[in-house]
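Visitor: Please find one structure pasted underneath; my questions will follow.
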Amino acid sequence: MQARIVGILTRAKEQGMDYVSGGDIARQLGISRSAVWKYIEAIRSDGGIIDAVSGKGYRLVNSEDLLLPGTINVETDVIGREYVYLPEIDSTNSEAKRRIRTGCSDGLVLVAENQTAGRGRMGRPWYSVAGKNLSFSVVLFPAGLPLSRAPLLTPLSAVAVCRAVERVSGLSIELKWPNDLLISGRKVGGILLEAGGEMDHLRYAVIGIGINVNLSREELPEAVADTATSLLIAAGQAVPRRRLLEEILVSLDSYYTKFCSKGAQSILTEYVELCSTLGKEIAFLWHGQRHSGRAVSIAPDGALIVITKSGEMLTLRACDVHCL
Ligand code: BTN
């Protein structure tokens with residue numbers, strides 16, 4: 001019911017209506033006015049700022065930023081068929097894996113306002129600030145996809161997110177292999193892919209996406225203040241989180257359906273165009289030893305091909321690279 005009220009108030013705002021009366025909402029939903037008031041209070045405690053004026057009704061003030069069910073409106077084939085909003089959770093990727101164990105839909109999207117134990121690649125923590133970031137995970141059950149092709153979901157997601165961010169913010173984004181979104185060399189977002197299966201059969205994939213949206217310079221967590229940025233800092237103005245999330249879900253859905261029907265080739269071509277690691281001298285750990293070399297290309301499975309100083313060609317998969 002909460003989602004339906006948020007939906008009514010969001011649509012009213014989009015149609016230029018100012019306030020919707022409690023009586024109107026009650027009639028549309030077949031509930032009492034006091035029930036409407038009770039749900040309005042619940043929406044407020046989930047972060048919805050609702051202005052109430054006697055004789056006029058209710059108005060949703062922050063619909064641009066609100067990620068509650070009812071505000072999100074996307075037409076997709078798979079992604080977002082089920083949408084869950086969590087005011088607080090340890091990590092949306094961990095919650096996704098718990099829900100996979102108990103049963104959930106293909107395309108489930110789990111959005112958290114706040115993560116208490118957000119995770120990044122290679123076991124690193126992922127810092128976010130409630131209300132200022134986008135932190136969400138998408139669950140996929142890709143029928144018939146071999147486990148060995150699961151890593152392709154990282155470049156796919158990186159390209160999809162990059163294109164959506166560019167459309168909404170007007171900023172140009174580059175990708176650092178394999179999963180970092182950068183603006184002018186600073187990290188603005190990342191992707192954490194976790195997949196599971198047996199033998200060569202992929203059972204599930206969880207795509208976790210974190211983006212620094214509306215953090216000011218002062219709000220950047222101290223641990224990443226020297227290396228990170230946000231869309232607000234880069235664009236010089238706030239970016240509407242709701243529209244950004246909708247755009248990302250639609251973009252992910254379109255790249256994913258293309259991947260399922262046509263394969264990864266055209267997506268990898270786009271990834272190569274966006275990947276600023278290519279052509280650079282990089283340092284990386286290889287079997288516990290520090291190496292350096294030139295990043296030359298992306299393999300058909302998304303791995304990074306590097307030519308070392310001694311002319312050896314290496315294929316990097318689960319690896320961290322630093323541009324020199
Ligand atoms: C990285 O840059 O290493 C990946 C960061 C991924 C962060 C997102 S936020 C939503 C999802 N839940 C997590 O715990 N991590 C991912």
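The values are calculated or read from the model by the stated rules, or taken from the named source; none is laboratory data. As the structure is a computational prediction, the values presented were derived from the model and not from experiment. Glycine also receives a Cβ, built like all others from the backbone with ideal geometry; neighbour counts cover every protein chain displayed.
Visitor: Within the group Gly288, Gly311, Gly236, Gly263, which residue is modelled with pLDDT of 95 or more and at positive phi?
Guide: Numbers: Gly288 fails: modelled with pLDDT of 95 or more; Gly311 fails: modelled with pLDDT of 95 or more; Gly263 fails: modelled with pLDDT of 95 or more.
On inspection, the qualifying residue turns out to be Gly236.
Visitor: While we're looking at this one, here's another question. Across segment 85-105, which residue is farthest from the ligand (Cβ to nearest atom) among those that are assigned to a helix (DSSP H, G or I) and within 14 Å of the chain's Cα centre (by Cα)?
Guide: That would be Ala96.
Visitor: Need the failing condition index for Ile40 against (1) surrounded by fewer than 17 Cβ atoms within 10 Å (Cβ to Cβ); (2) within 17 Å of Lys13 (Cβ to Cβ), just the number.
Guide: Condition (1) is where Ile40 drops out.
Visitor: Looking for something aromatic (Phe, Trp, Tyr) and touching a strand residue (DSSP E or B) at 6+ places or on another chain (Cβ under 6 Å) - is there at least one such residue anywhere in segment 166-187?
Guide: Initial filter on segment 166-187 (aromatic (Phe, Trp, Tyr)): 177.
After this cut, where a residue has to be touching a strand residue (DSSP E or B) at 6+ places or on another chain (Cβ under 6 Å) as well, the list is 177.
So far as segment 166-187 goes, yes, one or more of its residues are aromatic (Phe, Trp, Tyr) and touching a strand residue (DSSP E or B) at 6+ places or on another chain (Cβ under 6 Å).
Visitor: Of the conditions (1) of a type in the set (A, V, I, L, M, F, W, C); (2) out of contact with any Lys or Arg (no Cβ under 9 Å at 6 or more places or on another chain); (3) assigned to a helix (DSSP H, G or I); (4) surrounded by fewer than 21 Cβ atoms within 10 Å (Cβ to Cβ), Leu245 satisfies every one except a single condition; which number is it?
Guide: Only one criterion is unmet by Leu245, namely (4).
Visitor: Please state which one of Leu192, Leu202 is within 13 Å of the ligand (Cβ to nearest atom), under 26 Å from Ile100 (Cα atoms), out of contact with any Cys (no Cβ under 8 Å at 6 or more places or on another chain) and not aromatic (Phe, Trp, Tyr).
Guide: Exactly one of Leu192, Leu202 is within 13 Å of the ligand (Cβ to nearest atom), under 26 Å from Ile100 (Cα atoms), out of contact with any Cys (no Cβ under 8 Å at 6 or more places or on another chain) and not aromatic (Phe, Trp, Tyr), namely Leu192.
Visitor: Please go through segment 166-183 and pick out each residue that is closer than 18 Å to Thr277 by Cβ and hydrophobic (A, V, I, L, M, F, W, C).
Guide: Of everything in segment 166-183, those that are closer than 18 Å to Thr277 by Cβ and hydrophobic (A, V, I, L, M, F, W, C) turn out to be Ile173, Leu175, Trp177, Leu181, Leu182, Ile183.
Visitor: Against the condition in a helix (DSSP H, G or I) and at negative phi, how does Ile40 come out, does it pass?
Guide: yes
Visitor: If you don't mind, there's one more thing I want to ask. Tell me which residues, restricted to segment 205-219, are among the small types (Gly, Ala, Ser) and either away from the ligand (no atom under 12 Å from the Cβ) or more than 20 Å from Thr92 (Cβ to Cβ) (or both).
Guide: Ala205, Ser216
Visitor: Exactly one condition in (1) within 22 Å of Glu194 (Cα to Cα); (2) in contact with a helix residue (DSSP H, G or I) (Cβ under 6 Å, 6 or more places away or on another chain); (3) not hydroxyl-bearing (Ser, Thr, Tyr) is not met by Arg243; state its number.
Guide: Of everything listed in (1) within 22 Å of Glu194 (Cα to Cα); (2) in contact with a helix residue (DSSP H, G or I) (Cβ under 6 Å, 6 or more places away or on another chain); (3) not hydroxyl-bearing (Ser, Thr, Tyr), Arg243 misses just condition (1).
Visitor: Of (1) in contact with a Ser or Thr (Cβ under 9 Å, 6 or more places away or on another chain); (2) on the phi < 0 side of the Ramachandran plot; (3) in contact (Cβ under 8 Å) with a residue 40 or more places away in the chain, Ile191 satisfies all except one. Which?
Guide: (3)
Visitor: If you take just the strands (runs of 3 or more DSSP E) that sit entirely in segment 106-180, which of them hold at least 3 residues that are within 10 Å of the ligand (Cβ to nearest atom) and surrounded by 24 or more Cβ atoms within 10 Å (Cβ to Cβ)? Reasoning before the result, please.
Guide: Values: elements: 109-115, 133-140, 174-176.
Per the criteria, 109-115, 133-140.
Visitor: Something else about it: Does segment 297-307 contain any residue that is small (Gly, Ala, Ser) and exposed (fewer than 11 other Cβ atoms within 10 Å of the Cβ)?
Guide: no
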